[in-house]
Amino acid sequence: MERKIKILVVEDETPIRVGLADVFVYHGYEVETADEGRDGLAKALSGTFDLILLDIMLPGLDGFAICNRVRERDPEQPIIMLTAKTADEDIVRGLSLGADDYVAKPFSVAQLVLRVQAVLRRSHIGLEEATHIRLGDQVVIDVRNLTGSRNGESLPFTRRETEILRYLQANSERPVPRDELLAKVWGYGRTLGIETRTVDIHVAKLRRKIEPNPALPRYLVTVRGAGYRLITG
């Protein structure tokens, strides 16, 4: 019998927590829940989950702290953050800690299910080859081990960041539009109409890691009106 995909929902608002559990059980997933931060962290660290849905504003321990602790144990654990905060600094913080995506409240349950499915598809693909990406003479990235260096300084990377770089490298002869990255890297269908700043935030994070001067990018450049292009030479 095929193993059910297992999701942990960490959410303190009872109607949302119960509703999400019901929705994902209906879609065939196995679901565990937690209603406060410390219990959520304990379950996240003691169980094996295919994906964690993690609210930011939690009693006991907030979602940022939980995400950070989970990432220390497992850099590849798929995490989607649920947030009532839509300010860029909160979104950047969550993604910087390694969340794969964020969904702002109030959200469409149908859209959330699609996002969960997209993250699960990407996480199950995995990194099958020991691929290295080199950018000029300064930057080298080991895609398999999610590590790299710039001028000899060690750099950590998330799975999503390496997927973006791999896709841009494979299409380095042209700029890649934002919606194409959403479709190919995140797995979102082009016709879903999902509005997200996730691509832009991930690009900004990558530039802070790989660029000598992120304000004047040399490797991960923006082609106005066309998208992003990776310059490897």
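Coordinate-derived values only; no laboratory data. What you see is a predicted model; the values in this text were computed from it and never measured. Here the Cβ is made from the backbone with ideal geometry for all residues, glycine too, and neighbour counts use every protein chain on show.
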**OP:** Rounded to the nearest 10 degrees, what's the angle between the helix 109-125 long axis and the longest principal axis of the chain, both from Cα atoms, 0 to 90?
**Re:** 60
Subject >> Proximal lysines relative to Lys43, as straight alpha-carbon distance under 25 Å, when same-chain residues fewer than 8 apart are discounted >> reply: Lys4, Lys6, Lys85, Lys105
Original post:
Which whole-number percent of Cα pairs in the chain have a distance greater than 29 Å?
Top reply: 28
**OP:** Compute the length gained on full extension between Glu173 and Arg73: take 0.36 nm times their separation in residues and subtract their Cα-Cα distance, giving the result in nm to one decimal.
**Re:** 32.3 nm
Original post:
So how far apart, in nm, are the two label points at Ala183 and Glu36 if each is 7 Å from Cα heading toward Cβ?
Top reply: 4.7
Original post:
According to a simple spin-label model (label point 7 Å from Cα along Cα-to-Cβ), what is the distance in nm between Glu13 and Thr222?
Top reply: 3.2
Original post:
222 nm [θ] for the chain, helices only, -39500 (n - 2.57) per DSSP H run of 4+, per residue, to 500?
Top reply: -12000 deg cm²/dmol
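Please report the antiparallel percentage of the DSSP beta bridges confined to the chain, to the nearest 5.
Here the share of antiparallel DSSP bridges comes out near 50 percent.
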Original post:
Taking the highest mean first, how do the peptides 30-42, 102-114 order by number of other beta carbon atoms within 10 angstrom per residue?
Top reply: 30-42, 102-114
Original post:
By average Cβ neighbour count within 10 Å, what is the ranking of 205-211, 7-13 from highest down?
Top reply: 7-13, 205-211
